[in-house]
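Worksheet for the structure shown next.
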Amino acid sequence: MNLAKAGLTALAILIVAPQGMPAPAGGTVSGKVTLSGSAPKGKPFDLSKEPECVKLHAAEPLIPENVVVGTGNMLRNVVVYISGGSMDQVPVPPNAVVYDQQGCHYTTHVLAFRVGQEVKISNSDPFSHNIHPIAKINREWNKIQPPGTPPFSYAYDREEFIPVKCNIHPWMQGYFAVLRTSHFAVTGDDGRFTLPDLPPGHYTITAWHEIYGTQIQEVTITGGDSQTINFVFTAKP
């Protein structure tokens, strides 16, 4: 091989090689959600309809989870997600999310998952439940689940926030947050959220809470930058 040809081959390798390298990391949007004002004091549920529940919660009453705050009035159970803009094409995860009924309540108050992703519903209590997701856009259904029966799965076709209740135990309430995007988070006791790996683009970020509604903010990601946005909901009188 002559030197000129060898030089061209080496140059081609130098040009092609970077294409096989991993793409640069995306940007990140993070922040916190707080409640301005005083959170309502939850009144303990009347569990007398199910004596087993009364025994389970004799020492620690079961109270509503629709407004839960942590230190510094950080607001829990807020779904923060990409609602518009440069929507991703990340495949729906093949694994199911789990929604369990245990201790006379739903172990996850607000469960977020993807459109088309299975939610596996289980009953860990020694008595029957009847789970009833009250969908308006998707199909509404309800199903009895006796103790000791295996979990069953279901997947939703459209994006929707769906209230969930038990037809046997009226105090049992929760939500399914069925989302198109793979970029979402549900705040915990610290009220914080992180949406990582966002490709460059303009995004609408929505924060949803079952009592206080929704808030929206716009952000633009230009590369691997990190941005901070915060949401503040106001307590109702």
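A few remarks follow.
- Answer residue from segment 118-128, given it is among the polar types (S, T, N, Q) and in a strand (DSSP E or B) and is farthest from the chain's Cα centre (by Cα) among those: Asn123
- Taking the numbered list (1) closer than 26 Å to Trp171 by Cα; (2) modelled with pLDDT under 90 in turn, Ala17 passes all entries but (1).
- Segment 47-95, subset in contact with a His (Cβ under 9 Å, 6 or more places away or on another chain) and small (Gly, Ala, Ser), residue modelled with the highest pLDDT: Gly84
- The set of residues in segment 188-235 being assigned to a strand (DSSP E or B) and among the charged types (D, E, K, R) consists of Arg192, Asp197, Glu218.
- All strands (runs of 3 or more DSSP E) inside segment 129-176 with 2 or more residues being over 22 Å from the mean Cα position of the chain (by Cα), surrounded by fewer than 18 Cβ atoms within 10 Å (Cβ to Cβ) and assigned by TED's automatic domain parsing to the domain that holds Val110: 143-145
- Residues that are polar (S, T, N, Q), part of a loop (DSSP other than H, G, I, E, B) and surrounded by fewer than 17 Cβ atoms within 10 Å (Cβ to Cβ) within segment 67-100 comprise Ser86, Gln89, Asn95, listed in sequence order.
- Criterion (of a type in the set (Lys, Arg) and in contact (Cβ under 8 Å) with a residue 60 or more places away in the chain) met by exactly one of Arg139, Arg192: Arg192
The values are calculated or read from the model by the stated rules, or taken from the named source; none is laboratory data. Remember, predicted model here, so these are calculated numbers, not experimental data. Neighbour counts are summed over all protein chains in view; Cβ atoms, including those assigned to glycine, are modelled from backbone coordinates with ideal geometry.
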